[in-house]
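Beneath this line is the structure, given in structure tokens, with notes to follow.
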Amino acid sequence: MSFAPEELFAAAIAAVAFLAGILFWRARAKRTRSVGLRVDAGPANLRFTCAGCSGKFTHSRRTISAWEKGGRSFFCNACHTKWQSTHASSGHGRGARIITGERPAKSGCLGVFVVLLAIPAVLALAVLQYA
């Protein structure tokens with residue numbers, strides 16, 4: 001069974017578009033760190049026990065944000081402020097990635113884009129060579 005070069009090229013373009021759609025859909029899904037399931041809107045309980053002083057406190061925007069990022073041990077505002085004052089000079093914080101040279105969590109996808117462009121080009125060249 002023989003296919004025309006145009007049919008093979010169209011099939012390759014369709015496959016690349018399908019893969020790009022799947023990758024785009026997976027990238028947009030909100031996931032947890034370990035399992036990959038969708039994250040709920042917020043913690044189940046309105047109150048939490050501080051990991052520093054063991055007091056009971058109501059969640060704030062800061063603790064809810066930490067919960068959404070995967071944190072499960074929270075500190076009250078006083079303990080959090082105390083922790084920040086002791087760790088402010090050690091280089092940990094928002095500028096730590098720049099200082100340590102770590103890659104950002106969401107890096108570019110240039111390599112994937114180049115591979116996705118190269119696949120149809122290689123298939124087209126193969127079809128033209130052997131057809």
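The values are calculated or read from the model by the stated rules, or taken from the named source; none is laboratory data. Just so it is clear, the structure is predicted and the values come from calculations on it, not from any experiment. Heads up, the Cβs are rebuilt from the backbone with ideal geometry, glycines too, and the neighbour counts pull from every protein chain shown. Heads up: the accessible areas ignore ligands, DNA and RNA and are worked out on the full protein's heavy atoms, side chains in. Shrake-Rupley method; radii C 1.70, N 1.55, O 1.52, S 1.80 Å.
Taking Gly93 as the residue in question, decide whether it is at pLDDT below 85, open to solvent by less than 100 Å² (accessible area, probe 1.4 Å) and assigned to a helix (DSSP H, G or I). Break it down into steps so the answer makes sense when it comes.
Numbers: at pLDDT below 85: yes; open to solvent by less than 100 Å² (accessible area, probe 1.4 Å): yes; assigned to a helix (DSSP H, G or I): no.
Considered against the rule, which asks whether it is at pLDDT below 85, open to solvent by less than 100 Å² (accessible area, probe 1.4 Å) and assigned to a helix (DSSP H, G or I), Gly93 comes out as no.
Filtering segment 17-57 down to residues that are under 17 Å from Gly70 (Cα atoms), at pLDDT 85 or above and aliphatic (A, V, I, L, M), which residue is surrounded by the fewest Cβ atoms within 10 Å (Cβ to Cβ)?
Out of the qualifying residues, it is Leu46.
Can you pull out the residues in segment 58-68 that are open to solvent by less than 50 Å² (accessible area, probe 1.4 Å) and among the polar types (S, T, N, Q)? So that I can check it myself, show each step before the final result.
Of the residues in segment 58-68, the ones open to solvent by less than 50 Å² (accessible area, probe 1.4 Å) are 59-60, 63, 65-67.
Hits for segment 58-68 are Ser60, Thr63, Ser65.
I'd like the full set of residues that are part of a helix (DSSP H, G or I) and open to solvent by 80 Å² or more (accessible area, probe 1.4 Å), limited to segment 69-80. Working first, answer last.
Within segment 69-80, the subset part of a helix (DSSP H, G or I) is 77-80.
Answer for segment 69-80, where residues must be part of a helix (DSSP H, G or I) and open to solvent by 80 Å² or more (accessible area, probe 1.4 Å): just Asn77.
Confirm whether Ala88 is over 30 Å from Arg26 (Cβ atoms), at pLDDT below 90, open to solvent by less than 80 Å² (accessible area, probe 1.4 Å) and part of a helix (DSSP H, G or I). It would help to see each step written out before you state the result.
Values: over 30 Å from Arg26 (Cβ atoms): yes; at pLDDT below 90: yes; open to solvent by less than 80 Å² (accessible area, probe 1.4 Å): yes; part of a helix (DSSP H, G or I): yes.
Criteria met by Ala88.
What is the one condition in (1) at pLDDT 80 or above; (2) open to solvent by less than 90 Å² (accessible area, probe 1.4 Å); (3) in a helix (DSSP H, G or I) that Leu125 does not satisfy?
(2)
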